[in-house]
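The values are calculated or read from the model by the stated rules, or taken from the named source; none is laboratory data. Only a predicted model underlies this, so the values are computations on that prediction, with no experimental measurement involved. Positions of Cβ are generated from backbone atoms using ideal geometry, with glycine treated the same way; all protein chains shown enter the neighbour counts. Ligands, DNA and RNA are excluded from the accessible area calculation, which covers all protein heavy atoms including side chains. Shrake-Rupley method; radii C 1.70, N 1.55, O 1.52, S 1.80 Å.
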Protein chains: 4
Amino acid sequence: MKALVYHGPGKKSWEEKPNPVITETTDAVVKILKTTICGTDLHIMKGDVPEVTDGRILGHEGVGVIEEVGSSVSNFKKGDHVIISCITSCGKCEFCKKGMYSHCERGGWILGHMIDGTQAEYVRIPYADNSLYPIPVGSDEEALVMLSDILPTGFECGVLNGQVKPGDTIAIVGAGPVGMAALLTAQFYTPAEIIVIDQDDNRLEVAKTFGATHLINSASENALTKVMELTGGKGVDTAIEAVGVPATFELCEAIIAAGGHIANIGVHGKSVELHLETLWSRNITITTGLVDTVTTPMLLKTVQSKRIELKKLITHRFKLGQILQAYDTFEDAAKEKALKVILEN
Amino acid sequence: MKALVYHGPGKKSWEEKPNPVITETTDAVVKILKTTICGTDLHIMKGDVPEVTDGRILGHEGVGVIEEVGSSVSNFKKGDHVIISCITSCGKCEFCKKGMYSHCERGGWILGHMIDGTQAEYVRIPYADNSLYPIPVGSDEEALVMLSDILPTGFECGVLNGQVKPGDTIAIVGAGPVGMAALLTAQFYTPAEIIVIDQDDNRLEVAKTFGATHLINSASENALTKVMELTGGKGVDTAIEAVGVPATFELCEAIIAAGGHIANIGVHGKSVELHLETLWSRNITITTGLVDTVTTPMLLKTVQSKRIELKKLITHRFKLGQILQAYDTFEDAAKEKALKVILEN
Amino acid sequence: MKALVYHGPGKKSWEEKPNPVITETTDAVVKILKTTICGTDLHIMKGDVPEVTDGRILGHEGVGVIEEVGSSVSNFKKGDHVIISCITSCGKCEFCKKGMYSHCERGGWILGHMIDGTQAEYVRIPYADNSLYPIPVGSDEEALVMLSDILPTGFECGVLNGQVKPGDTIAIVGAGPVGMAALLTAQFYTPAEIIVIDQDDNRLEVAKTFGATHLINSASENALTKVMELTGGKGVDTAIEAVGVPATFELCEAIIAAGGHIANIGVHGKSVELHLETLWSRNITITTGLVDTVTTPMLLKTVQSKRIELKKLITHRFKLGQILQAYDTFEDAAKEKALKVILEN
Amino acid sequence: MKALVYHGPGKKSWEEKPNPVITETTDAVVKILKTTICGTDLHIMKGDVPEVTDGRILGHEGVGVIEEVGSSVSNFKKGDHVIISCITSCGKCEFCKKGMYSHCERGGWILGHMIDGTQAEYVRIPYADNSLYPIPVGSDEEALVMLSDILPTGFECGVLNGQVKPGDTIAIVGAGPVGMAALLTAQFYTPAEIIVIDQDDNRLEVAKTFGATHLINSASENALTKVMELTGGKGVDTAIEAVGVPATFELCEAIIAAGGHIANIGVHGKSVELHLETLWSRNITITTGLVDTVTTPMLLKTVQSKRIELKKLITHRFKLGQILQAYDTFEDAAKEKALKVILEN
């Protein structure tokens, strides 16, 4: 089969690889129908994720059709259409039993990371019964690629951890794909005001069409001042950090109201300054989290009932064989006005 | 009347002041029966709390007897014995209605801070119906002084925010009076293991008699290494910070298990380094908080039913007129083996 | 002033009464701008609420303008526009401090019940600081009459108690004003499917325009069979009872899924049969509740941000002097296609 | 092997049966070390559980040692000591993923019910990775038999569903083994007062040694009157029903405080009268539930750290071969003063 293979920082190729096979009774082999590229893949390509080694097939998102299942797999059979979760869950370790699939002792984020991933014609999925989700007949499968990672990430790490409630005023700092997923799913809880902060006017305009009520371009405006104006000096009930750099996290610290919640989604490469000298008495919570994908079935229901339009997140479409071109487009997201690119097998 | 009066950094005196009088219909004047000294009073004496001005009577803890009430006070009458909460609550602002009395728009921590406090023969209590709690007849009133501040502080900011649960392994960093209050009230939720960390062997020994299952003297041992040994490398489910300096907060960051909770109680004077480069994917929560004292009625029930022995926290007793000597003792807590000192009027 | 006065079962008149005056320092006198009639008022007129005595002015809903405040009132002043809560809260009893205003020891539902109510030109409101809510300038005050009672009732007793969550399938049994309020506010949490069950085709059609996804006329269809068809035999995650008779409550018992929630809003006059012989192992919750109105400020924010359109609930408008005619219309709700009638002073 | 076999209502024998074998890759065969008899087994013997058919080996509790595991089992190996959960969980159906193991689509309560159980020398356990729990070396295995069923049942269905909190006043109606388990585990949350109600003075005396603060013999006293006296007319915050007949459930309805929680544990054979005509406005919750055993790992930690003494629940011990005699003793529990009987293989 053909696959997108990592060969060390800056080097990747679309090349021939052996088809994956069942190695455990709990495995499934899935033929990819649609996959995509994640910001994390770009980090890997830069060499920021050193545990990814030469020869690894990248990708941890996608929908597909079951090609073969191991003898213990009982939820799926050949021919079933499935969503591939970015998180592999064994379903029987201490963490899985607590719903913390992200920290599964035998899984977690391993696809396109510790084992071969989804940017390929086929992929082997360990613990298939717990790591795949059935796609109802007649679904828009392209949209469901968003359920592999970014929708549960924005929802669980941003909206649920951030405890968004009806009537709240919230801020989302960063309008990339995950920030947009937080924006879409925050509306499940009907906040009154949603302030989106980014440095890219195009993304801000898109955020507006996705439901943002106020936009702040932090390259051209003082975001702190602006948020305080909008909130009568109180700050926001929830601040969702979806960038991953110190400046944006510290902005969240500055704009959070007494009693509020800072929900970190961003992948951080260095420490940040936590201003406990003011925050100690502000009765706030700060949360961090890798996605558990425990809400995937619920998110699927909201998609099926048309409570959310995921297609909005898709800006570009390619054939899987054009994946190198798709990487180029996604790497130049600002210029290309790209959010998510879909690769069709 | 006589009162302990602040006259700028390092200067205080026990001197004659006018008796307080009712100024609003919601006020009460309370004759102090017992009061105490808080670590915060020492901070004030050092000049660390600049909004406390020359002439202020200090103190925000105590029990007393109602001397007089304003015309709108309906929960209390002359002669009633009461616990004075360190937090004044109007009961009718946005924050009070949410149970965030700490941020009451007309109250909060004002006693011995913005208005005259309890280290005196009498004190005026604003919003008496919401800021005082009735003492059941026959109670041990000395013990109930602990309900003014340290018990709700340790419980709400440490134990409740830290989400202590049956079977958990928790660490309490700092075995001063508030850390001890967290230690006592954590046991309301039956954690399996309670690790107490301090630099004072005497306090650690006391912690043991209060229910600590493991003691670590961080002056003589590497606390991080020791906690990891005790927890099989997993870290603790809840880490309660009860000191207020960067080193102890960063210790909490290092010892927290995936999915765990860091509950800050300490009053911090400077920022700390938050290691998001590792914590971003650890699914933790961090909380801060000034006490709301919303649990005072519940804590009183646990005291009345002898579920907790507060007298353990009292190490020294003085007459109110000996308050300068009591300050000396409390300031030299390590040498004097002092936790809480009681001043009797 | 003129007022609607109860004179025993079946007897009421629009008659002259003395203007209310401030009797406690915590009172306000409010000039009514808009009021309405509640199903409860009809119950009172039938004699079902025997503690309502001859001479009582009815009504517990409305918006108005402050005419005068007692000396302890600090949240409001003459000329302020306010929402009158159906629940009077002293803000300082054990129940109020827990947010259970419905059971306030000095208040609760007393307006138009134990004391004179809002179907009059003026009304005295005890504990005004805690029982009135400020109306932002420029609001549509007619719509805000819905915040006095039916919106918080549908939301707190139906939606919050019923734990409605994104992706859920819920049923609302009874499409009167309170059922409709539950229907509108359930959507704050984005359930996937909302089944509304009633015997009146007109109300069902209205429910559809309010967001119901499935309609069942239980007079012409077997509601149990139909719900089971719609849910693949599983039943609903939440069943909200908004009628108050045994048959509708028992329907909720029959349609609830394992792990589901039955939220009772209906005012029941007799006991119901609870089928524990099947429900004991179904892991369900059942809740009851008189509204606390603790969510009124939050609901107001959702109205201000146009997240909900309350005007939809208003079907008829009258001058306050036409109140007897308004009662006739409301009593004949099915024929008149009435939900809420507005009376303007 | 030898096993206790059901042969229709009233008929059972200790007889030879074939040893169980692995039939699925997820199975384990466990050699029983200790087992016990449950009240449910007595119900089966009376013919109350018609789905139990002639030839079934009874029993759903026990500890044992792994004899053999299927090829997909990864948490256990031959020789491991394990607690057998009364609930079988596949770990991969919709209910298991939500932590509702009781309703597992492939398991639930099946041992000694739909498949052969633990009152035998060996037992086959389906989905062993999710249905067995490892026993730490050096544990008191006899005590851990209580973790198979009654401890999680009393804790999850009684204490957790009943939302027992520090300072609460609670009532436990029924002092059989499960009521006693609720009594022991309720103390994890430090209620102030624990009222135990039963008709057997011996059990009440035992309850006192287990931590009950007040005892009511409902055969000789009016339980409702007595509870109201003890609670100053308010009723209890939580009422736990651990009997399973209408009278005891209706007692719970009568003694519950406004805002309180009725947690049903009892297995009911007929419907009860729910007094909504008074309860509709009392803001209560009622819960039902078959145990999920999701808290077993946590309960094990509390046992390991000696926070609870389970041995107290064991009143009689027999060799497994004496099981018919053990049934006789357990059936005559009042006279024999029996709580739990241990059968040793």
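Of all the residues that make up the stretch B:323-337, how many are more than 19 Å from residue B:32 (Cα to Cα) and aliphatic (A, V, I, L, M)? Before the answer, list the steps.
Pass one, the stretch B:323-337, residues more than 19 Å from residue B:32 (Cα to Cα): B:328-337.
Next, from what is left, pick out any that are aliphatic (A, V, I, L, M): B:333-334.
Number satisfying all stated conditions: 2.
Residues of the stretch D:108-142 being outside any helix (DSSP H, G or I), hydrophobic (A, V, I, L, M, F, W, C) and modelled with pLDDT of 95 or more, which ones?
Here is the first cut: in the stretch D:108-142, the residues outside any helix (DSSP H, G or I) are D:108-127, D:132-140.
From what's left, hydrophobic (A, V, I, L, M, F, W, C): D:109-111, D:114-115, D:120, D:123, D:125, D:132, D:135, D:137.
Answer for the stretch D:108-142, where residues must be outside any helix (DSSP H, G or I), hydrophobic (A, V, I, L, M, F, W, C) and modelled with pLDDT of 95 or more: D:109, D:110, D:111, D:114, D:115, D:120, D:123, D:125, D:132, D:135.
Let's see how each residue does on (1) among the β-branched types (Val, Ile, Thr); (2) open to solvent by 10 Å² or more (accessible area, probe 1.4 Å); (3) more than 14 Å from chain A (Cβ to nearest Cβ); (4) free of Cβ contacts under 8 Å to residues at least 24 places away in the same chain:
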{"residue": "D:63", "(1), (2), (3), (4)": "yes, no, yes, no"}
{"residue": "D:67", "(1), (2), (3), (4)": "no, yes, yes, no"}
{"residue": "D:74", "(1), (2), (3), (4)": "no, yes, no, no"}
{"residue": "D:85", "(1), (2), (3), (4)": "no, no, no, no"}
{"residue": "D:95", "(1), (2), (3), (4)": "no, yes, no, yes"}
{"residue": "D:98", "(1), (2), (3), (4)": "no, yes, no, yes"}
{"residue": "D:108", "(1), (2), (3), (4)": "no, no, yes, no"}
{"residue": "D:113", "(1), (2), (3), (4)": "no, yes, yes, no"}
{"residue": "D:117", "(1), (2), (3), (4)": "no, no, yes, no"}
* residue D:302 versus (1) at the interface with another protein chain (Cβ under 10 Å from one of its Cβ atoms); (2) assigned to a loop (DSSP other than H, G, I, E, B); (3) closer than 29 Å to residue D:133 by Cβ: which is the lone unmet condition? -> (2)
* With D:156, D:141 as the choices, which residue is farther than 23 Å from residue D:235 by Cβ and within 14 Å of chain B (Cβ to nearest Cβ)? -> D:156
* Of A:182, A:223, A:219, A:186, which residue is without any contact (Cβ under 8 Å) to a residue 60 or more places away in the chain and under 23 Å from residue A:100 (Cα atoms)? -> A:186
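Evaluate the stretch D:312-319: report whether one residue or more is closer than 30 Å to residue C:153 by Cα, open to solvent by 10 Å² or more (accessible area, probe 1.4 Å), more than 14 Å from chain B (Cβ to nearest Cβ) and over 14 Å from the mean Cα position of the chain (by Cα).
So the first thing to find is which residues in the stretch D:312-319 are closer than 30 Å to residue C:153 by Cα, and the list is none.
No, the conditions are met nowhere in the stretch D:312-319.
Go through the stretch D:269-299 and report how many residues are outside any strand (DSSP E or B) and within 30 Å of residue B:169 (Cα to Cα).
Going through the stretch D:269-299, the residues outside any strand (DSSP E or B) turn out to be D:269-271, D:275-284, D:288-299.
Going one step further and asking which of them are within 30 Å of residue B:169 (Cα to Cα), we end up with D:289-299.
Qualifying residue count for the region: 11.
Could you list, in sequence order, all residues of the stretch D:305-320 that are touching a strand residue (DSSP E or B) at 6+ places or on another chain (Cβ under 7 Å) and not β-branched (Val, Ile, Thr)? Before you say what the answer is, go through the steps one by one.
The first filter runs over the stretch D:305-320 and keeps only residues touching a strand residue (DSSP E or B) at 6+ places or on another chain (Cβ under 7 Å), leaving D:305, D:313-320.
D:305, D:313, D:316, D:317, D:318, D:319, D:320 - these are the residues of the stretch D:305-320 that are touching a strand residue (DSSP E or B) at 6+ places or on another chain (Cβ under 7 Å) and not β-branched (Val, Ile, Thr).
Yes/no matrix, rows are residues, columns are (1) touching a Phe, Trp or Tyr at 6+ places or on another chain (Cβ under 7 Å); (2) closer than 21 Å to residue B:151 by Cβ:
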| site | (1), (2) |
| --- | --- |
| B:177 | no, yes |
| B:189 | yes, yes |
| B:192 | no, no |
| B:206 | no, yes |
| B:259 | no, no |
| B:263 | no, yes |
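Considering each of C:219, C:192, C:207 in turn, give the residue that is aliphatic (A, V, I, L, M), away from every other protein chain (no Cβ under 13 Å) and open to solvent by less than 10 Å² (accessible area, probe 1.4 Å).
C:207
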* For the stretch B:132-163, enumerate the residues that are hydrophobic (A, V, I, L, M, F, W, C) and open to solvent by 10 Å² or more (accessible area, probe 1.4 Å). => B:135, B:137, B:160
* Asked: Residues in the stretch B:41-54: is at least one closer than 15 Å to residue B:115 by Cβ, in contact (Cβ under 8 Å) with a residue 24 or more places away in the chain and within 14 Å of another protein chain (Cβ to nearest Cβ)?
  -> yes
* Any residue in the stretch A:323-337 that is in a helix (DSSP H, G or I), small (Gly, Ala, Ser) and modelled with pLDDT under 95? -> yes
* Would you be able to say whether some residue in the stretch A:276-294 is crowded, with 18+ Cβ neighbours inside 10 Å, farther than 25 Å from residue A:200 by Cα and within 14 Å of chain C (Cβ to nearest Cβ)? => yes
* Structure fact -> The residue from C:201, C:237 that alone is within 14 Å of another protein chain (Cβ to nearest Cβ), out of contact with any Phe, Trp or Tyr (no Cβ under 9 Å at 6 or more places or on another chain) and open to solvent by 40 Å² or more (accessible area, probe 1.4 Å) is C:237
* Report yes if some residue within the stretch B:322-335 is crowded, with 19+ Cβ neighbours inside 10 Å, closer than 18 Å to residue B:63 by Cβ and more than 7 Å from every other protein chain (Cβ to nearest Cβ); otherwise report no. => yes
* Does the stretch C:13-32 hold any residues that are closer than 21 Å to residue C:342 by Cβ and surrounded by 20 or more Cβ atoms within 10 Å (Cβ to Cβ), and which are they? -> C:30, C:32
* To do: Could you tell me which of the residues D:254, D:258, D:263 is over 22 Å from residue D:153 (Cβ atoms), more than 14 Å from chain B (Cβ to nearest Cβ), in contact (Cβ under 8 Å) with a residue 24 or more places away in the chain and in a strand (DSSP E or B)?
  => D:258
* Asked: So which of B:166, B:177, B:136, B:191 is of a type outside the set (Asp, Glu) and not assigned by TED's automatic domain parsing to the domain that holds residue B:263?
  -> B:136
